[in-house]
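Reading through the structure tokens given below for one structure.
The values are calculated or read from the model by the stated rules, or taken from the named source; none is laboratory data. Worth saying up front: this structure is predicted, and the values here are computed from it rather than measured. So basically every Cβ, Gly included, is an ideal-geometry build from the backbone, and we count neighbours across all protein chains shown. Areas reflect the complete protein model, heavy atoms only, side chains present, ligands, DNA and RNA absent. Shrake-Rupley method; radii C 1.70, N 1.55, O 1.52, S 1.80 Å.
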Amino acid sequence: MTPSLLALLLASGLSPGETLAVDPAASALRYHVVHKLHRVDGETRSIEGRAAVKPDGTLQAMVRAAVASFRSGESNRDAHMEETLETGRFPFVTFRGVARLGPDLQVPLSLAMDGEVELHGTRRPVHVTLAAERQPDGAFRVRTSFEVSLDAFGIDRPSLLFVKIEDACRIDVDLLLREEHR
Amino acid sequence: MTSVASAWAPVVNLRPRRGSRAYSVTSSGILSPMSRELPLLVLCAAAILAPSAGRADLRLLDSELAGPSPLPVVLAPGTMRLRGPVSPDRALLAAADDESQKPAGPPAPSAPTPAPSLDFDLLAPPPPPPGQDPALARRRTLLDWHQGLGIGLFGLTLATTVVGQLNYDDRFVGSRPSTGNYLAPHAVLATSTLVAFAATGMLALLAPAPPVRRDGFDRITLHKIAMFTAAAGMAAEGALGLWTQRREGYLNQESLARAHLVLGYVVLAAVTTGVAAIVF
């Protein structure tokens, strides 16, 4: 790691070897799907995640949530989602990502991350742009949004009145990460 | 000695005099007395070291000293030419220099930086999945049939109510005599509605329970309230319709028919509310 990159990391509040953990009470994952007659939004706060800065300046991140923990405000719809996503076989949705912290690092951070989403037993690559801000208490607020294809994950899209929901599902991520002391 | 010395004559640029010792010219140009065997040793060393000099062909040709020579000089392709008096070691050095001065080939392309691996785990492994409950697939099938039959039920309820209104108007509104044209269709539609309602309700009641029951008022709660209201009204409609038909010729038949009609609209409203709670 170059001295300039090390200085930038320290200025941004990140240190090589540092591990950050998601604070689930202050974090949320949301999904958004569209039907011709409905717009469905679901949210969960049962999230576990961790981010680690490696000595070579690589940032690794992993976030996981139980699919059955998402709530859309309708129990029947949530039950239908659990049936469709086969939560008994694939109970979690997981994201893994890596990013290289380059010399142009700034605070607040805008970071491109390459990763993959694992859902319904299938992994698909995604490219996300993270917006990270340092909070007054030293925590990091990280936000991003990306779209996934339900068909790409082998999901039989639910239907209403014989009309299926759209293939695109938007995922909104709003995480609060705190330094983890092990 | 004479044959060996004459063989080296072009190299050393000396003509050894008869009976004298053979001399060799070093790189510094200093003559040093040598034994007769030294040129032969040097020749053997050159033959041994030639491969390490880049396999340069050490056939030497000095054009300035070219002259009648007892040895045939053959130039092979790629043979190196040296000008001026040279020694075998200078020849080796020159061969090595020529090899080093050859133009270097294009630099080998640098290997692309490999993408960082995503094969890592920062979280503790989750508990093993419990496995998919097969009852959930049966629930989905029954609810899909329930949804399809429910749409048909709404259509039948609407048709029964419309034909019932026409039948009431034909029988009790206006002064013209009743034609009776809507009596049989209304009876058929009403019976079909009752059968469809019972089948739709049975599909929902027989479907396995959802994975987790959650309390609170939502669309499904409104749907259930509306459909239970419609079920009660439909049961009353069936009884009231039969009673109204049996009161043919009685003075209270019209009031019974009016109650039957109003109750029919209430059932239609309840069914519409139950369907709208799911669709919209």
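Criterion applied to A:Ala99, A:Ala61, A:Ala79, A:Ala65 was being free of Cβ contacts under 8 Å to residues at least 24 places away in the same chain and not in a loop (DSSP other than H, G, I, E, B), and the one residue passing it is A:Ala79. Of the listed requirements (1) facing chain B (nearest Cβ under 8 Å); (2) crowded, with 18+ Cβ neighbours inside 10 Å; (3) farther than 21 Å from A:Arg170 by Cβ, A:Gly49 misses just one: (3).
Taking the criterion of being in contact with an Asp or Glu (Cβ under 9 Å, 6 or more places away or on another chain), under 20 Å from A:Arg45 (Cβ atoms) and surrounded by 16 or more Cβ atoms within 10 Å (Cβ to Cβ), the residues of segment A:149-177 that qualify are A:Cys169, A:Ile171, A:Leu175, A:Leu176, A:Leu177. Kindly indicate whether any position in segment A:104-111 is open to solvent by 30 Å² or more (accessible area, probe 1.4 Å), in a strand (DSSP E or B) and either more than 14 Å from chain B (Cβ to nearest Cβ) or at pLDDT below 90 (or both). Yes.
Summed over segment A:123-165, residues that are among the aliphatic types (A, V, I, L, M) and in a strand (DSSP E or B) total 9.
Restricting segment A:166-182 to residues that are part of a strand (DSSP E or B) and under 30 Å from B:Thr141 (Cα atoms), the residue that is farthest from the chain's Cα centre (by Cα) is A:Ala168. Selection of segment B:249-274 for residues being farther than 17 Å from B:Phe154 by Cβ, out of contact with any helix residue (DSSP H, G or I) (no Cβ under 7 Å at 6 or more places or on another chain) and assigned to a helix (DSSP H, G or I) yields B:Ser255, B:Arg258, B:Val262. A:Val34 fulfils the conditions (1) open to solvent by 60 Å² or more (accessible area, probe 1.4 Å); (2) out of contact with any Leu (no Cβ under 9 Å at 6 or more places or on another chain); (3) farther than 20 Å from A:Pro91 by Cα except for a single criterion, (1).
Residues that are within 11 Å of chain A (Cβ to nearest Cβ), open to solvent by 60 Å² or more (accessible area, probe 1.4 Å) and assigned to a helix (DSSP H, G or I) within segment B:194-232 comprise B:Arg219, B:Leu222, B:Lys224, listed in sequence order. For the criterion of being part of a helix (DSSP H, G or I), of a type in the set (A, V, I, L, M, F, W, C), within 20 Å of B:Ile151 (Cα to Cα) and within 14 Å of chain A (Cβ to nearest Cβ), B:Ala235 fails. Scoring A:Gly17 on the criteria (1) buried (at least 19 other Cβ atoms within 10 Å of the Cβ); (2) small (Gly, Ala, Ser); (3) closer than 23 Å to A:Arg134 by Cα leaves a single failure, condition (1).
Number of residues in segment B:155-186 that are open to solvent by 40 Å² or more (accessible area, probe 1.4 Å), in contact (Cβ under 8 Å) with a residue 12 or more places away in the chain and closer than 21 Å to B:Ala239 by Cβ equals 7.
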